[in-house]
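Throughout, read-outs are computed from the coordinates displayed, never taken from laboratory work. Because the structure is a prediction, the values reported are computed rather than measured. All Cβ positions, even for glycine, are placed from backbone atoms using ideal geometry, and neighbour counts span all protein chains on display.
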Amino acid sequence: MVILVAEQRISFGSCRSKLAEALEKVLKAELIRLGWTLERTHDLQRLVKLLQQRGSDLMMIAGPLAVELTEAYFADRYPGFDMEDPDWPALTKQIEFVRRLLTLVRGRLTPQGQS
């Protein structure tokens, strides 16, 4: 959905918010793969810190991306912080980084029952 909406340049704030949710799910998948017990959190910074503690090689991409999308979350949700014009090229790059992370994590997971 994020990709299609971004291609049409519709609803910039909603698109970034959904992209942040997608990043959250990817980070959680990697953490679970590394032995983390799932907990209820939407805090991208916390998830990145947990990845760092586990020595994840995803930090180079996930760290800066989490900072950008966390800042965007607050700017998009609270009146008075959304003063910037939509930066569609930056969002397109962020989408590509999340897609790259998803591909990496998906490749590390094995279907249940297979080794």
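Suppose R0 equals 25 Å; then what is the FRET efficiency for Ile32 and Asp87 from their Cβ-Cβ distance, rounded to the nearest 0.05?
On the way: r = 32 Å, r/R0 = 1.28.
Result of the calculation: an efficiency of 0.20.
For the chain, what value does the Rg/Rh ratio take when both radii are computed over Cα atoms and Rh is the Kirkwood radius, given to two decimals?
1.00
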Got a sec to turn the phi values of the range 90-102 into Karplus ³J(HN,Hα) couplings, 6.51 cos²θ - 1.76 cosθ + 1.60 with θ = phi - 60°, whole Hz, x for Gly and Pro?
5, 5, 4, 5, 4, 4, 5, 5, 5, 4, 5, 4, 4
In which sequence would Trp88, Trp36 go, from the one with the fewest C-beta neighbours within 10 Å to the one with the most?
Trp88, Trp36
Using the charge dipole of the chain (Lys, Arg: +1 at Cβ; Asp, Glu: -1 at Cβ; taken about the Cα centre), state which of Leu109, Ala6, Leu23 has its Cα farthest towards the positive end.
Leu109
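Using only DSSP helix segments of four residues or longer, with each worth -39500 (n - 2.57), what per-residue ellipticity at 222 nm results for the chain after dividing by its residue count and rounding to 500? Please list the in-between numbers first.
Values: 5 runs with 79 residues, N = 115.
Mean residue ellipticity, 222 nm, calculated: -22500 deg cm²/dmol.
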